[in-house]
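What follows is a short report on a single structure.
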Amino acid sequence: MKLASIQFKTQRLAAVVVDGGYVPLQAQNLSEFLRDEQWRNLARQAVVSGSSNFIAANEATILNPIPTPTKVICCGLNYSDHILEMGRELPEYPTLFAKFADTLTDPNAQIFSENSESVDWEAELAVVVGSTLCQATEKDALEAIAGYTVANDISMRDWQRRTLQWFQGKAFDGTTPLGPYLVTPDELDPVAGVEVICRINGEEVQRGNTRTLVFAAASLLSYISSFTTLRAGDVVLTGTPGGVGMGMTPPRFLRSGDVLSTEIPGIGELVNTFTLRVSADA
Ligand code: ZN
């Protein structure tokens, strides 16, 4: 099943994606919808009984599927090729950092950079939690996954490198596009392998496969839940494959007008236009 958060006229709605459009759900977005423990049944029932409420695809705008997670946790250095291009060794433990809900934005949002001239791309598979996880085993974590979506962990490398903590370069408002759909695990298996692709103005810069993740989704959720509770609608970014701009010689960063495309076949594509805004006194 594919789920989405959409804008239809003046309404914001969670919806099931069906052929040619959407069947709306009784929630304003998927963050709200996933907090109902019965969400899986409610989504199935909506498809069976919801044809009278059908919204055609061209009547709606796709929004960030998960606008208000209580936690957004990211794993750095998780694809072996990216770890090696950054000059590091394979890790024993996942490198984790956090973002805020304010950092997330819509699948087709314009991205602005305030006072950074080294804005880099990181195409990523994002995992969305479907029920509470606390001290969870990998098996329990796997069963609790609501689904998968696409993210780009756009990073201000100059800010990221100001200190040992990456946080400030990773948490600028409205710089992590998420979406377009949440795809449930019965339709997508990242352990078997899905491609994660990033393009700039149509030129492919990243292509990795989730089967090469050092820490797979269930492993990450289990590990994170050993120190902080994960709740329905929380988002975990699983890291980026090789091909980031910082790893290039010379380093390459986004320029104003660049169109950044982030795609996972089977989920969908984010398309974001980038604008650099640097004030004179920066
Ligand atoms: Zn990342």
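The values are calculated or read from the model by the stated rules, or taken from the named source; none is laboratory data. Because the structure is a prediction, the values reported are computed rather than measured. In this analysis, Cβ positions are derived from the backbone assuming ideal geometry, glycine residues included, and neighbour counts consider all displayed protein chains.
Starting from residues that are crowded, with 24+ Cβ neighbours inside 10 Å and within 10 Å of residue 120 (Cβ to Cβ), keep the ones in region 232-251 and report whichever is farthest from the ligand (Cβ to nearest atom). Across region 232-251, the extreme among qualifying residues is 244. Summed over region 73-88, the residues that are under 14 Å from residue 215 (Cβ atoms), of a type in the set (Gly, Ala, Ser) and either assigned to a loop (DSSP other than H, G, I, E, B) or in contact with a strand residue (DSSP E or B) (Cβ under 8 Å, 6 or more places away or on another chain) (or both) give a count of 1.
So that you can scan it fast, the table gives a plain yes or no per residue for (1) at pLDDT 95 or above; (2) touching a Lys or Arg at 6+ places or on another chain (Cβ under 9 Å); (3) of a type in the set (Val, Ile, Thr):
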{"site": "177", "(1), (2), (3)": "yes, no, no"}
{"site": "184", "(1), (2), (3)": "yes, yes, yes"}
{"site": "188", "(1), (2), (3)": "yes, no, no"}
{"site": "195", "(1), (2), (3)": "yes, yes, no"}
{"site": "205", "(1), (2), (3)": "yes, yes, yes"}
{"site": "224", "(1), (2), (3)": "yes, yes, yes"}
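Residues of region 19-49 that are of a type in the set (A, V, I, L, M), surrounded by fewer than 18 Cβ atoms within 10 Å (Cβ to Cβ) and modelled with pLDDT under 95: 47, 48. Applying the condition of being touching a helix residue (DSSP H, G or I) at 6+ places or on another chain (Cβ under 8 Å) and of a type in the set (Val, Ile, Thr) to region 32-83 and asking which residue is farthest from the ligand (Cβ to nearest atom) yields 68. What about residue 57, is it surrounded by fewer than 18 Cβ atoms within 10 Å (Cβ to Cβ), under 30 Å from residue 18 (Cβ atoms), touching a residue at least 24 places away in the same chain (Cβ under 8 Å) and not assigned by TED's automatic domain parsing to the domain that holds residue 272? It is true that residue 57 is surrounded by fewer than 18 Cβ atoms within 10 Å (Cβ to Cβ), under 30 Å from residue 18 (Cβ atoms), touching a residue at least 24 places away in the same chain (Cβ under 8 Å) and not assigned by TED's automatic domain parsing to the domain that holds residue 272. Out of 221, 213, one residue alone is within 16 Å of the ligand (Cβ to nearest atom) and touching a residue at least 12 places away in the same chain (Cβ under 8 Å). It is 213. Just so you know, in region 156-187 the residues that are among the polar types (S, T, N, Q), within 13 Å of the ligand (Cβ to nearest atom) and touching a residue at least 60 places away in the same chain (Cβ under 8 Å) include one that is nearest to residue 4 (Cα to Cα), and it is 176. Of everything listed in (1) in contact with a strand residue (DSSP E or B) (Cβ under 7 Å, 6 or more places away or on another chain); (2) closer than 21 Å to residue 133 by Cα, the single unmet condition for residue 70 is (1). If you filter region 98-125 down to residues that are touching a Cys at 6+ places or on another chain (Cβ under 9 Å) and more than 17 Å from residue 241 (Cα to Cα), you find that the one that is nearest to the ligand (Cβ to nearest atom) is 99.
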